[in-house]
Structure formats: C-alpha cells, structure tokens
Amino acid sequence: MSLHFRLASIAAKINQPDWRLPLAVAVIPALAAIVAAVIAARAAKKAKQAELSAQHLRDLENRISEKKYDVYKPMINLIRDMLDRRLIDEEDSRSRISDFSTWVIIYGSDEAVQAFHNFMQAVYHDPPAKVLMKLYADFVMAARRDMGYAETSVEPAHFLGMRISDLYDNSLLRNVNAPLDTICEEAGWQPPWIRP
C-alpha cells in the first residue's frame, strides 16, 4: 500500500462522522422532553390536589356561614322586637337567649361572643338607654363582621338611624359612635365586667 493511499484512508476515517454523536444529539432533547413531562404531570397533580383542598375549604366556610346566619337571626330578631317594644313571651325570649348563648360560643367570633356577653351583663344591671343602645350596636356590628363583612365601614349610627328617627337630635344618642367607655362615663354607669 502506498503512503498516499494510507494517508487517504486515515483522512477518510477522521472525516467520517461517528454514529454516537448524532445519537447523543438526538437523545438529549428526548430525555429533556421526558423529564419536563414528568415534572409537568407532578405539578398538575399537585395543582389538582390544591384545588380540591381549596374547594373543600370553601364548602366548609359556606356551611359555617349558613350556620352563623341560623345562629344570629333569632337573637337579632328578638332584640329588634324588644327595642320595638313588642309584646314578647318571657319563656320564648329566655329560650331564644339560651339557644343563642349555646351556639354563639361554638360558631361566633371572639368579638361577637364578647359583645353579646357585654350586652347581656348590662341588661342584668339596669344600664341607661344610651349604654344599652351602644352595646346593642356593638353586638350587631360584631355579628355583621362575623358573618362576612370583616372590613365593614358601617358604624352604629348608620343602622340605629334606621330605627331611631331623632338619633341626631337626641342628645342621649347623638354620639353613639363614640367608644363604650366614653358613653359609660357620660352616663355615669360602670360596666359590671370592669368593676373592682
């Protein structure tokens, strides 16, 4: 064999592409696609689980919200009837207060439980009308926030004004939006829950 032929044969082998390189070039994107598909499938599964969990939480919140409505409605109606000076059967009112007291502890927010406690304790200790209206307003506002209006900007005067025609002319009720301690001080009445 001539030297020229040998050199040509070596050059041909050098210039001849290796079959492994094109295979590697083809396999790498395929592997990347498989890995991406596995990651996407896992992410989709986790997203589906998160959605199911969120739906379950929404269902629970809706059931609790419906229960809160059922708990608050009889008490709000009873207090409304009392304020309207309607004739109320004493046994019926005791029963409704007892039922509400039982269930507000379970379903009510801390704020609503405290507001109802303050209202009832005041009722037992003969408060001035101004204080009673403020405590009623505080309770209704707490119930309103508890049933889904957490960021409410409604103030006690807004809904008391729907029931009391001379709210802004009545010197006793004019400042019903003031803090409870201010109203108690003006009325000369000390709440029983802060007495020494």
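The values are calculated or read from the model by the stated rules, or taken from the named source; none is laboratory data. Predicted, not measured: the structure shown is a model, and the values here were computed from it. Reconstructed Cβ throughout: ideal geometry from the backbone, glycine too, with neighbour counts over all protein chains shown. Just so you know, the surface numbers come from the protein's heavy atoms only, side chains and all, with ligands and any DNA or RNA stripped out. Shrake-Rupley method; radii C 1.70, N 1.55, O 1.52, S 1.80 Å.
Quick look at the values:
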{"read-out": "Where chymotrypsin sites (Phe, Trp or Tyr not before Pro) in DSSP loops with at most 15 other Cβ within 10 Å are excluded, longest remaining stretch of the chain", "value": "20-148"}
{"read-out": "Total charge dipole magnitude, the chain, about the Cα centre, Cβ charges on Lys, Arg, Asp, Glu only, Debye to nearest 20", "value": "1820 debye"}
{"read-out": "Computed FRET value (nearest 0.05) for S53 with D110, which takes r as the C-beta separation and R₀ as 30 Å", "value": "0.70"}
{"read-out": "Where labels lie 7 Å past Cα in the beta-carbon direction, separation of A30 and K73 in nm", "value": "6.6 nm"}
{"read-out": "Cα extents of the stretch 138-196 along the three principal axes, largest first (Å)", "value": "36, 31, 15"}
{"read-out": "Length gained when the stretch Q190-R42 is fully extended (0.36 nm per residue, less Cα-Cα span)", "value": "47.0 nm"}
{"read-out": "Gap separating the Cα centres of the stretch 122-194 and the stretch 90-113, nearest whole Å", "value": "19 Å"}
{"read-out": "Using θ = phi - 60° and Karplus 6.51 cos²θ - 1.76 cosθ + 1.60, couplings along the stretch 172-189 (whole Hz; Gly, Pro as x)", "value": "6, 10, 3, 9, 5, 7, 5, x, 4, 5, 5, 5, 5, 5, 4, 7, x, 10"}
{"read-out": "Relative contact order of the chain, defined on C-alpha pairs under 8 angstrom at six or more residues apart (%)", "value": "16 percent"}
{"read-out": "Accessible area per residue, Å², the chain with all protein chains present, probe 1.4 Å", "value": "71 Å²"}
{"read-out": "Cα lying deepest toward the dipole's positive end in the chain, options S165, I64, H117, charges on Cβ", "value": "I64"}
{"read-out": "Values of log10 I(q)/I(0), in the order q = 0.13, 0.15 Å⁻¹, for the stretch 33-147 under a Debye, Cα-only, solvent-free model", "value": "-0.59, -0.71"}
{"read-out": "Angle in degrees between helix 110-124 and the longest Cα principal axis of the chain, rounded to the nearest 10", "value": "10 degrees"}
{"read-out": "Accessible surface of the chain, 1.4 Å probe, proportion on carbon and sulfur as whole %", "value": "58 percent"}
{"read-out": "Exposed trypsin sites (Lys or Arg not before Pro) absent - longest run of the chain, DSSP non-H/G/I/E/B, at most 15 other C-beta within 10 Å", "value": "1-84"}
{"read-out": "Normalised per residue, the volume of the convex hull around the Cα set of the chain (Å³)", "value": "236 Å³"}
